[in-house]
Amino acid sequence: MTSDDYVYDDATGEWRPAGEVKASGASDQVEVRDAAGNILADGDSVALIKDLKVKGAGQTLKQGTVIKSIRLTDNPEEIDCRYEAIKGLVLRTEFVRKR
């Protein structure tokens with residue numbers, strides 16, 4: 001990047017220098033933690049700590065079920081994941097533990 005690079009900042013609605021946006025974006029990161037207090041990141045595997053009924057799928061995910069390759073969302077209390085035939089599965093972090 002050169003000193004002439006500008007990036008549109010959605011939060012302020014202004015064009016700002018790229019270095020300024022990156023510096024402020026790094027400090028806005030919220031830590032996502034599982035039920036045991038471990039920090040979660042994209043791509044982590046988690047295990048369920050209790051049985052969960054999945055609305056709309058007619059299934060129950062059992063305690064100990066491993067979910068691979070999670071994705072973090074804008075909400076620090078929710079993670080996005082895939083599990084077999086269930087598309088668009090969103091789990092609350094209070095029900096998972098990092099593996």
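The values are calculated or read from the model by the stated rules, or taken from the named source; none is laboratory data. Fair warning: this is a prediction, and the values are worked out from it, not measured in the lab. Positions of Cβ are generated from backbone atoms using ideal geometry, with glycine treated the same way; all protein chains shown enter the neighbour counts.
Filter segment 48-90 down to the residues that are within 24 Å of residue 31 (Cβ to Cβ) and of a type in the set (D, E, K, R), then identify the one that is surrounded by the fewest Cβ atoms within 10 Å (Cβ to Cβ).
Among residues in segment 48-90 that are within 24 Å of residue 31 (Cβ to Cβ) and of a type in the set (D, E, K, R), the one surrounded by the fewest Cβ atoms within 10 Å (Cβ to Cβ) is 74.
What residue, among those in segment 2-34 that are part of a strand (DSSP E or B) and basic (Lys, Arg), is modelled with the highest pLDDT?
Within segment 2-34, the first condition is being part of a strand (DSSP E or B), and the residues that meet it are 6-9, 14-17, 32-33.
Those still in the list that are basic (Lys, Arg) too: 16, 33.
Working: 16: 82, 33: 95.
Per the stated criteria, the residue is 33.
Looking only at residues that are under 13 Å from the mean Cα position of the chain (by Cα) and of a type in the set (S, T, N, Q) in segment 35-83, which one is modelled with the highest pLDDT?
Ranking the qualifying residues of segment 35-83, first place goes to 45.
Take residue 70 and decide whether it is of a type in the set (Val, Ile, Thr) and either under 30 Å from residue 11 (Cβ atoms) or assigned by TED's automatic domain parsing to the domain that holds residue 11 (or both).
Criteria met by residue 70.
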